[in-house]
1. Considering the Cα trace of region A:19-145, what is its radius of gyration and what is Dmax, both in angstroms?
2. Over all Cα pairs of region B:1-85, how is the pair count split among 10 Å bins, expressed in % and running from 0 up to the last occupied bin?
3. Taking 1 over the mean of 1/r across every pair of different Cα atoms in region A:5-60, what Kirkwood radius in Å do you get?
4. Which order results if B:TRP122, B:TRP207, B:TRP3 are arranged by neighbouring Cβ count within 10 Å, fewest first?
5. Can you grab the distance from the C-alpha centre of region A:200-251 to the C-alpha centre of region B:66-93, Å, no decimals?
6. Which of A:ALA111, A:ALA265, A:ALA98 moves the most in a Gaussian network model of chain A with Cα springs under 10 Å?
7. Per residue and in cubic angstrom, what volume does the convex hull of the Cα atoms of the protein assembly as shown have?
8. Compute the separation of the alpha-carbon centres of region A:127-155 and region B:126-168 and state it in Å as a whole number.
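Quick note: the coordinates plus some simple rules give every number you see, no bench work behind them. Bear in mind that the values here come from a model prediction, so they are computed numbers and not experimental data. As a convention, Cβ positions derive from the backbone with ideal geometry for all residues, glycine included, and neighbour counts pool all protein chains shown.
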Amino acid sequence: MIRFDGISKRFPDGTLAVDDFTITIPSRTTTVFVGSSGSGKTTLLRMVNRMVDPTSGSIHIDDDDISTLEPVALRRRIGYVMQNSGLLPHRTVVDNVATVPLLTGVSKREARAAALDLMDTVGLDRALADRYPSQLSGGQQQRVGVARGLAIDPNILLMDEPFGAVDPLVRSELQQELVRIQKDLAKTIVFVTHDIDEAFLLGDQVVILKTGGRIAQVGTPAEILANPADEFVDTFIGAERGRRALSIQTVNGKEVVVDGTGRLAGILRSPTPESGRSA
Amino acid sequence: MTWVLANLGQIWELTVAHVLLSIAPIVLGFLLAVPIGWFAYRFRVSRGLVLTVCGLLYTIPSLALIVAMPTILGTKILDPLNLIVTLTLYAIALMVRTATDAFDAVSTDVIQSSTAVGFGAWRRFWQVELPLAGPVLLAGLRVVSTSTVSLVTLGALVGMSGLGYLFTNGYQRNFPTEILTGIVGTVLIAVVFDILLVLIGRMLLPWARVDDAARRGAGTARVKAVAA
Ligand SMILES: Nc1ncnc2c1ncn2[C@@H]1O[C@H](COP(=O)(O)OP(=O)(O)OP(=O)(O)O)[C@@H](O)[C@H]1O
Ligand SMILES: [Mg+2]
């Protein structure tokens, strides 16, 4: 469990990035922070591993106030994945995955063997192990980033728009992969995105943020879709809601289902034997 | 040519002396410039001052500096230390800006993510910042190496050994062959040093070539795409 308690952050230049943010992130589930650019998502995420220290308020991981923990040690037990992977360009794929175990003194042989296993987990061909990151596609680099984040088998995994820079097809592949991995590993994931689609796909709990890290709404995707808290949320999820709002139309005597944009979503099958035969 | 063959022994001795006089300033200059450059990169306030001092240092005429060294250091006039210290200062002056740029060029994304996964400042310097600054540092070191090898010839004017002796001696005797031999020898030393540095670079920075190729590959792909 991660608990943000009255967290504010004012940067030295005066920017109030987060203003009195309070939330509980349950263990072993995925919480997604979603909001437009500059709403403070990255700042909030980086407070969890003390890359940024709050100006006021406290953050607890389970029962520990993290301001009392040593930052470097704390970071080594929390997985971190970011956009553009942030891999070490001078180390091979396998050594990149093994980065944190190597830092914590695991032997090279052991760390590499574990790294190869992790490459399987995230769907990377072992043949890529000795390549450098620049020799991989963007999607493959992100997989390496995810594998690196998982390498110490952390309880907590922080992900900052990890799939933001890859094309839509690869993004959706990576999202599915993450859903599958999460089903097996059940980490406490805090995921940042500005893509509401992605938020609803991945999040058990979705936090919609306004500027200054102010919470517009917290809930499961279903709760938010069914009952947008206010106009802001309504607009923010508007497109998504429209697309998911299905309605029935009759075309040439047949009933078809169209989505909010008027596109055909499917055919309505009535349970009569006749239409059963014709289908 | 006959003169060269007849004096091969002396030429070899001068070459060895030249090489030895070159190595110390190159190595010392590099080892001192890297931390100074890192300091200027890390602490923005110091940056302007450090870079200005280095720039000014470089404008002092080298001969004047060599001649002034015995007074500054309290050394004897013929002490090779005068030349070595002078050239080390020049090497630093040349190298600090490059070193600062080299650290600047390391991607902030990579530094941030290294910090985020648990590199402390010390390990991050040795395992991330320094190696990634490597290619630019190497480029700077190659310039320093060539410049130092050439500057060592000045030593002859203050009685130091080295291939510069062939310049002064050849000039006094009005004997162009000897001067030419000095020039060719100096260039050869510079070239050999440069090749060695490139080889060391390939050994220590194998990823840099891959990176380069990847960028060039991406470049060509784009060009092809535009052409198509
Ligand atoms: N180091 C910093 N110094 C000053 N201001 C900062 C700093 N980091 C972030 N900010 C400011 O804080 C606010 C929130 O930034 P943050 O990076 O958390 O937003 P974000 O929601 O992650 O945005 P994006 O979707 O663009 O990544 C912005 O106004 C930003 O300009
Ligand atoms: Mg961000």
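1. Final numbers for Rg and Dmax: 16.8, 48 Å.
2. 14, 30, 30, 17, 6, 2
3. Final number for the Kirkwood radius of region A:5-60 is 11.8 Å.
4. Lowest count first: B:TRP122, B:TRP3, B:TRP207.
5. First find each Cα centre; the distance between them is then 74 Å.
6. Of A:ALA111, A:ALA265, A:ALA98, the Gaussian network model singles out A:ALA265 as fluctuating most.
7. About 244 Å³ per residue, rounded to a whole number.
8. Here the two parts' Cα centres lie 40 Å apart.
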